[in-house]
Amino acid sequence: MLKKKITALNIISKIPTQKEIRYLEDMIYEHNSSKTNKKNGKLFSKLIYDFGNKIIAGITGWTWAGACEITLLWVKEEYTKKGFGKILLESAEAEAKKEKCEVILLRSYSFQAPSFYRKFGYKVEFETKDFPAGHSFFCLVKRLHD
């Protein structure tokens, strides 16, 4: 059997557009779905607006194949310690339960909120030290049990 040599026609290094990122995400989802025969993926977001209709907090993520990943959770600095993070995290967990997820994964740096997540039952599954230098990067997991 002859192996065909593949050469790249045009490799471009640039800052990707949202459309390009979404395309790559869609291609990975298609691959993963075809390998697992699980095609129930859903994206979610929950946003909190102030009275001027500006976003002051939000959470995004996805559910798929009995799993959930929280990809972003942000609360504007002056609104921290007011319960918005808790409200958003609980709403994401409710979304995961609605989709019959058994586990939630999220990531956090040591200078962000790993202690916040631990208060809500998330456990550190993995830590990379000095990423970036002087800090740690955590993968945290919460198992959902009814």
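Each value in this text was obtained by applying a stated rule to the coordinates, not by laboratory testing. What you are looking at is a predicted structure, and each value in this text was computed from that prediction instead of being measured. Counting neighbours? That spans all protein chains shown, and the Cβs are built from the backbone with ideal geometry, glycine included.
Figures for the structure shown
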{"quantity": "Over 21 Å between alpha carbons, listed pairs LYS35/LYS98; LYS76/LYS97; LYS42/LYS98; LYS82/LYS129", "calculated": "LYS35/LYS98; LYS76/LYS97; LYS82/LYS129"}
{"quantity": "Hz values of 3J(HN,Hα) by residue in region 36-43 - Karplus curve (6.51, -1.76, 1.60), Gly and Pro given as x", "calculated": "9, 6, 10, 10, 9, x, 9, 8"}
{"quantity": "From phi via Karplus (6.51, -1.76, 1.60), per-residue ³J(HN,Hα) for region 74-79 in Hz, x at Gly/Pro", "calculated": "9, 10, 4, 3, 6, 9"}
{"quantity": "For region 29-35, 3J(HN,Hα) per residue [Karplus equation, 6.51 cos²θ - 1.76 cosθ + 1.60, θ = phi - 60°, Hz, x = Gly/Pro]", "calculated": "4, 4, 4, 4, 5, 5, 6"}
{"quantity": "Stretch gain in nm, segment SER115-GLU90, where the contour uses 0.36 nm per residue and the Cα spacing is subtracted", "calculated": "7.4 nm"}
{"quantity": "Calculated P(r) of region 56-107 - Cα pairs past 11 Å, %", "calculated": "65 percent"}
{"quantity": "Rounded tilt (10° steps) of 84-98 against the dominant C-alpha axis of the chain", "calculated": "50 degrees"}
{"quantity": "Structure-derived Cα Rg over 2.2 N^0.38 Å: which label, when the choices are [x] 1.28; [y] 1.04; [z] 1.12", "calculated": "[x]"}
{"quantity": "Added length on full extension, which subtracts the Cα-Cα distance from 0.36 nm per residue, ILE21 to PHE131", "calculated": "37.2 nm"}
{"quantity": "Unpaired by the 4.7 Å Cβ criterion, cysteines found in the chain", "calculated": "CYS139"}
{"quantity": "Full-stretch length increase - LYS123, SER45 - with 0.36 nm per residue and alpha-carbon distance subtracted", "calculated": "25.8 nm"}
{"quantity": "Those residues of region 40-57 whose amide nitrogen sits under 15 Å from the label point placed on TYR79, 7 Å along Cα→Cβ", "calculated": "45-57"}
{"quantity": "Spatially proximal aspartates and glutamates relative to LYS46 (Cα-Cα < 17 Å; intrachain offsets below 8 disregarded)", "calculated": "GLU69, GLU90, GLU93, GLU95, GLU99"}
